[in-house]
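Presented below is the structure to which this report refers.
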Amino acid sequence: MALPSYATPVERVWHYAFNIICGLIFFFLIAPIIVIIPLAFNAEPYFTFTREMLSLNPDGYSLRWFEALFGSSEWMSSIGNSFIISICSTIIATALGTLAALGLNRPNMPARGIITAVLISPMIVPLIITAAALFSFFARVGLSQTFPGIILSHVVLGTPFVVLTVTASLAGFNETLIRASQSLGANQTRTFFKVILPLLLPGVISGALFAFVTSLDEVVIVNFMAGPNQTPMTVRMFSGLREEISPTILALASLLVALSILLLTTLEMIRRRNERLRGMSPA
């Protein structure tokens, strides 16, 4: 953003210094993540930059680790397990979180503060405690080391994100639209799908994306809950770092970074669309 013409020299110096500080902080946060991408193309089985890579010699780069990733039945099975668990848990968490946010938004909702605190508690309670509690509960009901048990565990983690994002969308919701819809003859179901849901859709999608990323990245709970047939890619990556150091892990990590960038871009586009719909930014 350009500085106004009346800005003082001190304000100009602070403006540029602030931009430099923000750039340095951003570089400090993103550099450890971005550095794994070129290492995934290393021709040698090392986690370090070789002389050929530093000199930009084409012989120092290779796609062998991506080929090893996609050619491994174990890795592909783990990736498939992760996406099955994440997609299923995201659908359930989005539905439950949206309904919970709508219920909590009602003015006559009793014990709203207590219910909200319970719903978002998985974000506050240490994950190891949540994992131990879920394992103890699901082991008693026979869902330990099963896909339904893992999916429900991830639903517990993802639902708070949906509740928070949908609640934020409801903060500026115009209740007169519901009364107007009902006065024109629409029942509650039609009002929800034609009036309420389209206006809340940016918050619902944002919460769903957060729930999906949380489930895809989760490693603590699945270490408790997953059996040999439900091993997701995060557990296999963690085990590989301890037992078998292979750049195949870097290849998968690079793909996950690319996926994260895509999801963050989607979230930003949704945010801007939401601001335009609310008249907070120019079209």
**Asked** Could you list, in sequence order, the residues of segment 95-110 that are farther than 21 Å from LEU152 by Cα and either assigned to a helix (DSSP H, G or I) or in contact with a Lys or Arg (Cβ under 7 Å, 6 or more places away or on another chain) (or both)?
**Response** LEU102, GLY103, LEU104
**Complete:** Note on segment 133-158: residues among the β-branched types (Val, Ile, Thr) and either farther than 26 Å from ALA208 by Cβ or part of a helix (DSSP H, G or I) (or both) are VAL141, ILE150, ILE151, VAL155, VAL156
**Asked** Do we find a residue being surrounded by 23 or more Cβ atoms within 10 Å (Cβ to Cβ), of a type in the set (Phe, Trp, Tyr) and out of contact with any strand residue (DSSP E or B) (no Cβ under 6 Å at 6 or more places or on another chain) anywhere in segment 186-200?
**Response** no
**Item:** Condition met for ALA251 (at pLDDT 85 or above, surrounded by fewer than 20 Cβ atoms within 10 Å (Cβ to Cβ) and not charged (D, E, K, R))
**Value:** no
**Asked** LEU177 passes all but one of (1) under 18 Å from VAL220 (Cα atoms); (2) in a helix (DSSP H, G or I); which number fails?
**Response** (1)
**Asked** Which pairs do you get when a residue that is within 20 Å of ILE249 (Cα to Cα), found in segment 78-105, comes within reach of a residue that is in a loop (DSSP other than H, G, I, E, B), reach meaning Cβ atoms under 6 angstrom, with the pair 6+ apart or on two chains?
**Response** SER78/THR231; SER78/PRO232; ASN81/PRO232; SER82/PRO232
**Prompt:** Within segment 58-116, how many residues turn out to be under 16 Å from the mean Cα position of the chain (by Cα) and of a type in the set (Phe, Trp, Tyr)?
**Reply:** 1
**Asked** Before we move on, is LEU24 under 31 Å from the mean Cα position of the chain (by Cα) and within 30 Å of VAL155 (Cα to Cα)?
**Response** no
**Asked** Hey, any hits in segment 106-120 for a residue that's modelled with pLDDT under 90 and either of a type in the set (Ser, Thr, Tyr) or surrounded by 17 or more Cβ atoms within 10 Å (Cβ to Cβ) (or both)?
**Response** yes
**Asked** When VAL166 is evaluated against the numbered criteria (1) surrounded by fewer than 21 Cβ atoms within 10 Å (Cβ to Cβ); (2) touching a Ser or Thr at 6+ places or on another chain (Cβ under 7 Å), which criterion, by number, is the only one it fails?
**Response** (1)
**Asked** Can you find a residue in segment 61-73 that is aliphatic (A, V, I, L, M), touching a residue at least 24 places away in the same chain (Cβ under 8 Å) and touching a Phe, Trp or Tyr at 6+ places or on another chain (Cβ under 7 Å)?
**Response** yes
**Item:** Which listed residue is of a type outside the set (Gly, Ala, Ser), part of a loop (DSSP other than H, G, I, E, B) and closer than 30 Å to THR146 by Cβ, from VAL118, VAL125
**Value:** VAL125
**Prompt:** For ALA251, are the conditions met, namely being touching a residue at least 60 places away in the same chain (Cβ under 8 Å), among the aliphatic types (A, V, I, L, M) and in contact with a Pro (Cβ under 7 Å, 6 or more places away or on another chain)?
**Reply:** no
**Asked** Has segment 65-83 got at least one residue that is touching a helix residue (DSSP H, G or I) at 6+ places or on another chain (Cβ under 8 Å) and under 30 Å from LEU200 (Cα atoms)?
**Response** yes
**Message:** I'd like the full set of residues that are farther than 11 Å from SER153 by Cα and either in contact with a strand residue (DSSP E or B) (Cβ under 9 Å, 6 or more places away or on another chain) or surrounded by 14 or more Cβ atoms within 10 Å (Cβ to Cβ) (or both), limited to segment 121-131.
**Reply:** MET123, LEU127
**Request:** Might you let me know whether segment 149-160 holds any residue that is surrounded by fewer than 17 Cβ atoms within 10 Å (Cβ to Cβ) and in contact (Cβ under 8 Å) with a residue 40 or more places away in the chain?
**Result:** no
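The values are calculated or read from the model by the stated rules, or taken from the named source; none is laboratory data. Worth saying up front: this structure is predicted, and the values here are computed from it rather than measured. With ideal geometry, Cβ positions are generated from the backbone for all residues, glycine too; neighbour counts draw on all protein chains shown.
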